[in-house]
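Accompanying notes for the structure given below.
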Amino acid sequence: MMGLAFGTVSSALNLDAPGKRAGQFGLTHSGNRHAFSTIRAPLGVIRGGDGPTALICGGNHGDEYEGQIIARRLYERLEPGDLAGRLILAPALNMPAIEAVSRTSPLDGGNLNRSFPGEAHAGPTREIAGFVATQLMTVADLAIDLHSGGTGTAYLDAAYLCLSGDAARDAQTRAMATAMGLPFAMVVPPGDTPGDFDGAAHAAGCAMLSCELGGEGKVSRRALEAGWQGVLRVLVDAGILHEAAATRLGAGPAPQTRFLDLGAASAAVTSDHHALAEPLVALGEAVSAGQPIARLRDLHRLDVSAIDLTAPVAGIVAIQRAGAIVAPGDHLCVICPELSGTALDALLAQTARGAP
């Protein structure tokens, strides 16, 4: 393959030849700043053998950093001899958003993770999505899309088991989440976020795993290390990375993963007020139904009584808001019930049958 192109996005990087090469993909966009420029993002490939191919992506959202670092580390620390297959590394999918330290693109306001499978000549964000979907996903056996909570939220370090309704595909994703060995895995219903990376990868016939690592617009050393080891374990499990290389780079055995239901059984705790929010629970804490979760205080008056928001369901605090100033409709946290192995088996079977 000696040329990759979709719409105005293109790359000259050769993905097929053995060895290790770094290049870029470039986007043409006629705006005030970029009318006579190409917006570039790094792209790399390491090929050590004829085994499977993994596409590793970071920077889908511009204010999420652990994935960007992990993808770059892989290029820095791996050589062709470490691989039985091939790695394609795209650490900065949405470079305009990364440069702007923004979840979405400043060029068109687009959210890349809601823009797949993309469309040519339909704006920069959809063109990037189309380039990834048609030029990178289609040559990969496995894709890993690395996320964090961004500036606005903190997430448990968790793999995402995004259900497709295809029993074999969902079993494969479950096995990948288990191999990754993050503390948690979130089980997401089919079609939960239309236009996302996961759906496009599945449509391209590519196995898919995403994850959330930390958040709040920071780089968490804990989340970074968990994600780093997890990616190495998935690559070994897929037959792409030699186990000796993963061990050399610090990957230990996979800890047990706890599965959480991010579907209909989960619940958000949501503000109905303009207020200053005081959290009463911590991320990862187990809570019971009716337990106070957050205390809201009127922003403008001292003589208005504080309001306690309570948990609608029992479960684990899986996602938590980063900021303390809230408005009506702002979620303070999301609580997810834990799934036993038997309950997860039943949920996957129900999804495969198309049951509600």
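Details
- Debye-sum result for the stretch 1-97 in log10 I(q)/I(0), which assumes one identical scatterer on each alpha carbon, at q = 0.12 Å⁻¹: -0.40
- Convex hull volume of the C-alpha atoms in the stretch 154-213, normalised per residue: 77 Å³.
- Net charge of neighbours whose Cβ lies under 13 Å from the Cβ of Gly252, counting Lys and Arg as +1 and Asp and Glu as -1: 0
- Geometric descriptor of the stretch 180-243, per residue, is 115 Å³ (volume of the convex hull of the Cα atoms).
- The P(r) of the stretch 127-183 has a tail past 19 Å containing 47 percent of all C-alpha pairs.
- Whole-percent pair-distance distribution, where bins are 5 Å wide, for the alpha carbons of the stretch 286-356: 3, 13, 17, 17, 16, 11, 9, 6, 3, 3, 1
- Taking 0.36 nm per residue of sequence separation and removing the Cα-Cα distance, the Asp108/Glu225 pair yields an extension gain of 38.8 nm.
- FRET efficiency, 1/(1 + (r/R0)^6) with R0 45 Å, evaluated for Ala268 and Ala22 via beta carbons: 0.60
- Relative contact order (percent, whole number), the chain, Cα cutoff 8 Å, 6+ residue spacing: 15
- Net charge of the neighbourhood of Ala203, taken over other residues with C-beta under 13 Å away and scored Lys/Arg +1, Asp/Glu -1, is -2.
- Probing with 1.4 Å while keeping every protein chain in the model, the per residue accessible area of the stretch 21-148 equals 36 Å².
- The orientation-averaged projected area of the convex hull spanned by the Cα atoms of the stretch 200-314 comes to 11.0 nm².
- Ranked by the mean number of other Cβ atoms within 10 Å per residue, highest first, peptides 288-295, 200-207 order as 200-207, 288-295.
- Computed per residue of the chain from DSSP H runs no shorter than four, each worth -39500 (n - 2.57), the mean residue ellipticity at 222 nm is -6500 deg cm²/dmol.
- Equivalent ellipsoid dimensions for the stretch 40-140 as semi-axes, Å, which come from the Cα gyration tensor, largest first: 26, 16, 8
- Across the chain, the convex hull enclosing all Cα atoms gives 134 Å³ per residue.
- Ellipsoid equivalent to the stretch 94-208 - semi-axes via the Cα gyration tensor, in Å: 24, 18, 11
- Estimated distance in nm for a label pair at Leu276 and Arg40, the labels positioned 7 Å out from Cα along Cα-to-Cβ: 4.9
The values are calculated or read from the model by the stated rules, or taken from the named source; none is laboratory data. Note that the structure is a prediction, hence the values are computed from the model and not measured. Note: ideal-geometry Cβ built from the backbone for every residue, glycine included; neighbour counts use all protein chains shown. Just so you know, the surface numbers come from the protein's heavy atoms only, side chains and all, with ligands and any DNA or RNA stripped out. Shrake-Rupley method; radii C 1.70, N 1.55, O 1.52, S 1.80 Å.
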